[in-house]
Amino acid sequence: MTDTPDSTNATDGTDGACPVGPARAGSAPSRRSLIGWGGAGLALGAAAAGGAVAMTRVGNDVDPAGADIGAGIPFHGPHQAGIATAVQDRLHFAAFDVKTDDRAEFVQLLKDWTQAAARMTAGHAVGEGAYGGLAEAPPDDTGEALGLKPSRLTLTIGFGPSLFGKFDLADRRPEALVDLPAFSGDNLDKARSDGDLCIQACADDPQVAVHAIRNLARIGFGKVAIRWSQLGFGKTSSTTPDAQTPRNLMGFKDGTRNIAGTETGRLQKFVWADEKDNGPDSAWMTGGSYLVARRIRMNIETWDRTSLQEQEDIFGRDKGEGAPVGKAKEHDKPFLKAMKPDAHVRLAHPDSNDGVTILRRGYSFTDGTDGLGRLEAGLFFLAYQRDVRKGFIPLQRNLSRSDALNEYIQHVSSAVFAVPPGVRDKDDWWGRALFSKEA
Amino acid sequence: MRAVRLSVVTAAATAAALAAVTGCTQKSDAKNGDAIQVTASDTACKVSKKEFPAGHVQLDIENKGSKVTEVYLLFPDDRIVSERENIGPGTKQRVTAEVKAGEYVIACKPGMKGKGIRQAVKVTGGKVAKRDPRLDKAVAAYREYAQEQADATLPKAEAFAKAVKAGDIEAAKKEFASSRLGWERTEPVAESFGDIDPKVDVREDGLEEGQDPATDWTGWHRLEKSLWQDKKIGDREKELAGLLVTDLTDWQKRVGKAEITPTSMANGAKELLDEVASGKVTGEEDRYSHTDLSDFKGNVEGAQKAYELLKPVASENDAALTAELDKQFAALNTLLDKYRTDKTSYDFTSYDKVGKADRKELSDAVNALAEPLSKLAAAVVK
């Protein structure tokens, strides 16, 4: 729960708005709409009628109405989408173990994944689609996203430290990709920590995010296996400062002064890996970033029994407006010394951490209740930074030692990944620079 | 065991569907005039034609009733030719099959229960689609294999029954897993006789509503519970042991008549892995004896047999697929060998001793094989 709110950075204020739901009418392809024989329910069945199938096949994947709702985010670019992109509402995050030791096979998987990801983020079905193919064979696409819009789906891949122990990649492991140290208070479940690689799927529609991970996992069977995954909802940070700051499950506004997707300067300074950062062996990371993922369980019931005064003291903000202690407005510059020494905001603030700033795009999670009837819920923390050693690690050291919030939270899983730069064009693929000799 | 049945899918439908393989063109299968309309309601099962020519048969089903229904095309002895479950009220579904001349039954089951509302239909003359002779050979060889497995199962089941009848718990426990192997190897064929499967291989939670476990639960798993959990053999158990042999004898006599096609063989192989993925890898199948890995091995062997027989044709159509299948079968078998000391024995580690991480590894290996295996049928009929 690393709240790094109000930076003293001067680029404050002005627009900073990433268009939420871009409105380039007609330019955003939608998933094929379904005019089924008896409706969509039927089309999900085993065999749709020939005539009805024909109806759904006309047109060119363009939904003329409503193209501006849940539009597509471009997949290609210098950086991967899903980092500085305006945070979507839903998350499905999956970590995988690599099961093959055949480099060519793994590279082929990365290419297949890239192709599928480009299709899905544009709102298309995977491969030859979810129906209409051979009656005897399972369809390429699983079909549950048929008729849904791209919903700003982004798919972002990351490579874990353990991957560099395989495929002769040891000398290409970036120095910045360190194994995280143990932090006091950690109670990590190894079975849902780490992973050779990860895929972060963010979308405004949970079905679209789940569909994406499910289909990538399916393409990956035999080459990779899901190690653990996490669903998230209700983004807990915003990369669009004009939008209302979201609240976490403790009811507090979080990430008031997160790095915005439009703040090129701060992104360059704190998020994107630079060629100067790494030696020639890890130049492949230029334009990439480093991701820390932590599953932070909240002791919801005891928090809810805590007095309002104590809750506000713990955060260093008021609960209604989200204003820092002694201030009137959420975006007012905090006066750290007015806060208790162990207040969360005070400890997490860049001024208390030599200017350390990270880009957060965490999500709330609720996985039902645990065996004791307690809400199994909390924050799935995702933070991007240029160097984990200068970002998350010092910050979390500071917080784990003294944060008053620690009484109500526990870090239960943890992972770190090197997130390579973007896929440039349709001939490029996820991880090409890492796996190609020349890069 | 869930009702995973060996459905008979057609080469003709495939040829039609091939035209639509790009996923963006119109399906050229436009012979809707030849289709048989089946109108299901809560009280009726109307068919538009009671006599039609052999070959590619298509049932266009509409459920006009208020209950979820299922529709079966059956042989007179209740073997399933083709079926579709879970047809919701107000929805339409299609079933296709390749059917030879003879007497058949179309049954609708409103509420998906009971024997259903039945209509006798007759299939006359007509043409039967031509098939690659190598595939006919594969089917014949697989039928022979299924028969061998049934034949070999009988004496083992009798040995198991004998120990139960003698009241010898330890001896019965020893015979339990091996009495199941032949069945497990050919499970999709065995299950195609919808009336035998629930008698011999149902688990307590698989009983239907209204069935009483005390009187209606029969077969291996009922005896498994007595031997391992209740640790006693009474008169009822002795009676059930005899009944198991009777039912398996029935299976042995009928297995040769099972309707088998190249695609049903391929999909049957995949279904065997599905059995592993949904029941064995979780430890649900043999929850009292924990002999799941023996069943697991049986399922894999049966799938591999079907695959090997189809491989000459499949490898011509999709060499990359068969290379992947060879690799994944080998990987799974190697992994299974970790759980037995003697590679000729079916004496595997008790599944309750297999830890969470190892179960995950087994599950990953099953997925790695089952995913490409689901593409085998397409490679066979291409």
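Worth a mention:
- Residue within region A:196-216 that is under 22 Å from A:R360 (Cβ atoms), open to solvent by 30 Å² or more (accessible area, probe 1.4 Å) and of a type in the set (G, A, S) present: no
- Matching residues, region A:67-100, being open to solvent by 70 Å² or more (accessible area, probe 1.4 Å) and at pLDDT 95 or above: A:P74, A:H76, A:P78, A:R90, A:K99
- Residue check for A:L180: assigned to a loop (DSSP other than H, G, I, E, B), more than 30 Å from B:L335 (Cβ to Cβ) and at pLDDT 95 or above: yes
- Check on B:T263, among the hydroxyl-bearing types (S, T, Y) and buried (at least 24 other Cβ atoms within 10 Å of the Cβ): yes
- Scanning region B:364-379 for residues that are over 17 Å from the mean Cα position of the chain (by Cα) and more than 8 Å from chain A (Cβ to nearest Cβ) turns up B:A365, B:V366, B:A379.
- Any hit, region A:113-132, residues being modelled with pLDDT under 95, in a loop (DSSP other than H, G, I, E, B) and out of contact with any Asp or Glu (no Cβ under 9 Å at 6 or more places or on another chain): yes
- Residue tally, condition out of contact with any helix residue (DSSP H, G or I) (no Cβ under 7 Å at 6 or more places or on another chain) and surrounded by fewer than 21 Cβ atoms within 10 Å (Cβ to Cβ), over region A:141-157: 1
- Residues in region B:317-360 that are within 25 Å of the chain's Cα centre (by Cα) and closer than 22 Å to B:E175 by Cβ: 5 in all.
- Some residue of region A:84-101 being assigned to a loop (DSSP other than H, G, I, E, B) and in contact with a Leu (Cβ under 7 Å, 6 or more places away or on another chain): yes
- Qualifying residue in region B:157-165 (condition: among the acidic types (D, E) and in a helix (DSSP H, G or I)): yes
- Residues (touching a Phe, Trp or Tyr at 6+ places or on another chain (Cβ under 7 Å) and open to solvent by 30 Å² or more (accessible area, probe 1.4 Å)) located in region A:400-439: A:A439
- Per-region count, region B:89-99, residues open to solvent by 20 Å² or more (accessible area, probe 1.4 Å), at pLDDT 85 or above and at the interface with chain A (Cβ under 8 Å from one of its Cβ atoms): 3
- Subset of region B:193-208 [in contact (Cβ under 8 Å) with a residue 40 or more places away in the chain and part of a loop (DSSP other than H, G, I, E, B)]: B:F193, B:G194, B:D195, B:I196, B:D201, B:V202, B:R203, B:E208
- Flag for A:G195 being of a type outside the set (V, I, T), touching a residue at least 24 places away in the same chain (Cβ under 8 Å) and within 14 Å of another protein chain (Cβ to nearest Cβ): yes
- For region A:105-139, a tally of residues being surrounded by 23 or more Cβ atoms within 10 Å (Cβ to Cβ), charged (D, E, K, R) and more than 12 Å from chain B (Cβ to nearest Cβ) returns 0.
- Scanning region B:255-264 for residues that are within 12 Å of chain A (Cβ to nearest Cβ) and either assigned to a loop (DSSP other than H, G, I, E, B) or over 21 Å from B:L74 (Cα atoms) (or both) yields one hit, B:T261.
- Subset of region B:164-217 [of a type in the set (S, T, N, Q), at pLDDT 90 or above and either crowded, with 19+ Cβ neighbours inside 10 Å or closer than 20 Å to B:T291 by Cα (or both)]: B:S178, B:S179, B:T186
- In this structure, A:K340 does satisfy being within 19 Å of A:L405 (Cβ to Cβ) and of a type outside the set (A, V, I, L, M, F, W, C).
- In region A:359-378, the residues that are free of Cβ contacts under 8 Å to residues at least 12 places away in the same chain and closer than 14 Å to A:F233 by Cα reach residues that are open to solvent by 10 Å² or more (accessible area, probe 1.4 Å) and in a strand (DSSP E or B) with C-beta atoms within less than 6 angstrom, at least six apart or across chains, in these pairs: A:G368/A:E376.
- Segments classed as helices (runs of 4 or more DSSP H), wholly inside region A:270-358, with at least 1 members that are in contact with a Phe, Trp or Tyr (Cβ under 9 Å, 6 or more places away or on another chain), surrounded by 20 or more Cβ atoms within 10 Å (Cβ to Cβ) and not aliphatic (A, V, I, L, M): A:308-315, A:344-348
- Selection within region B:300-357: residues that are basic (K, R) and at pLDDT 95 or above. The member of this set that is nearest to B:A141 (Cα to Cα) is B:K305.
Per-residue answers, yes or no, for (1) of a type in the set (A, V, I, L, M); (2) open to solvent by 40 Å² or more (accessible area, probe 1.4 Å):
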| site | (1), (2) |
| --- | --- |
| B:S345 | no, no |
| B:K353 | no, yes |
| B:E361 | no, yes |
| B:A368 | yes, no |
| B:S374 | no, no |
| B:A377 | yes, no |
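The values are calculated or read from the model by the stated rules, or taken from the named source; none is laboratory data. Given the structure is predicted, the values throughout are model-derived calculations rather than measurements. All Cβ positions, even for glycine, are placed from backbone atoms using ideal geometry, and neighbour counts span all protein chains on display. Calculation scope for accessible area: heavy atoms of the full protein, side chains included, ligands and nucleic acids excluded. Shrake-Rupley method; radii C 1.70, N 1.55, O 1.52, S 1.80 Å.
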